[in-house]
Amino acid sequence: MSFEVRELPDVIKIISLLTIGEGVQRKVLLSRIDRLCVRRVCLDVSDFDRAVDEMVKEGLVGLKPDGAVELTDRGRSLAHEWRNLLLGEEPIMELVAGLTDGSITSLVVIISAHLTGLPIGVTTFAAFLTLSSMALTNFSSFFLGGKTEDISDMVSIQNLINFSLSDIPDREQRSKSLSLTKSLFTLLGREISRINLKAAVVSGVVTFLAGIIPLAAYLALPDPWDLVLSLGIVAGVVGFFLVRYRAKKTKVPWRVTLLETLVIITMAVIASLFLGQGF
């Protein structure tokens, strides 16, 4: 399947990849796509059959003995990529952001409290206040910022697809393609709100939990085990999730990512110490 969407079957393929799931009868799949039609511009069975036949030839779907359509491994992979492209759905991102932000925040509080000798009560209050602020920041970032970014990306993708479809010489086919595309992106726009709300909740909760666990260890254990265990937890989380994951995704050597992370942590700790002395 070409990345460029140029014909009506290409639009049908995208909708099919997003809606087939673990398998569905051909009639049910056709009914799902037909419900997206607007202004009485609906699909012919021949259009649908052509798209399904092409997907079978391309190895994206397989046909069960009972006539149901199911995604192949290649189809699942392509469907996943389309969901990431159209919806910005990357489930691991909110987990990584929450774990790293919560852990680094707790690290700053722990080191600052240890170096300045803050009492347990003040440390606990500062920890809850800082982690709550970070959790709310991540929540709003994923819910508002993420939604705005995803919708902006979706509009750009829709405009590119419409531009390609506008070159279809057959007027009826062009009208069907543009109508289906418009309905598809309207449906995806509603899906974005649900996905971003889920991501925001997960990120906020994980941020708070990732920060409170090492802080609880620091407050509960005697010296020096409090510092050893709490810093060990933070080092493990930051090293695995932030350095390893970020280096893998950005194709940047892990040593460079580790150095950048250490610089950020050092600057955050120094800034917190200066602020603490100011008060």
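The values are calculated or read from the model by the stated rules, or taken from the named source; none is laboratory data. Because the structure is predicted, anything quoted here is derived from the model rather than measured. Ideal geometry is used to build each Cβ from the backbone, glycine not excepted, and the neighbour counts take in all protein chains shown.
Here are the numbers for the structure shown:
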read-out: Qualifying position, being out of contact with any helix residue (DSSP H, G or I) (no Cβ under 8 Å at 6 or more places or on another chain), part of a helix (DSSP H, G or I) and of a type in the set (Asp, Glu), among Glu70, Glu81; value: Glu81
read-out: From Ala199, Ala216, residue being in a helix (DSSP H, G or I) and more than 28 Å from the chain's Cα centre (by Cα); value: Ala216
read-out: Subset of region 145-160 that is farther than 14 Å from Arg190 by Cα and of a type in the set (Asp, Glu) - its residue that is farthest from the chain's Cα centre (by Cα); value: Asp153
read-out: Any chance Val237 is modelled with pLDDT under 80, under 24 Å from the mean Cα position of the chain (by Cα) and either polar (S, T, N, Q) or crowded, with 17+ Cβ neighbours inside 10 Å (or both); value: yes
read-out: Residue within region 121-142 that is in a loop (DSSP other than H, G, I, E, B) and touching a helix residue (DSSP H, G or I) at 6+ places or on another chain (Cβ under 8 Å) present; value: no
read-out: Residue within region 36-55 that is at pLDDT below 85, within 29 Å of the chain's Cα centre (by Cα) and aliphatic (A, V, I, L, M) present; value: yes
read-out: Region 88-129, subset of a type in the set (Asp, Glu) and in contact (Cβ under 8 Å) with a residue 12 or more places away in the chain, residue surrounded by the fewest Cβ atoms within 10 Å (Cβ to Cβ); value: Glu89
read-out: Where a residue in region 205-228 is under 13 Å from Thr123 (Cβ atoms) and its partner, wherever it lies, is of a type in the set (Asp, Glu) and surrounded by fewer than 21 Cβ atoms within 10 Å (Cβ to Cβ), with Cβ under 9 Å and at least six apart; value: Ala217/Asp226; Tyr218/Asp226; Leu219/Asp226; Ala220/Asp226
read-out: Some residue of region 130-138 being surrounded by fewer than 19 Cβ atoms within 10 Å (Cβ to Cβ), farther than 30 Å from Val228 by Cβ and out of contact with any His (no Cβ under 6 Å at 6 or more places or on another chain); value: yes
read-out: Residue satisfying all of: in region 54-87; of a type in the set (A, V, I, L, M) and touching a residue at least 60 places away in the same chain (Cβ under 8 Å); surrounded by the fewest Cβ atoms within 10 Å (Cβ to Cβ) among these; value: Leu85
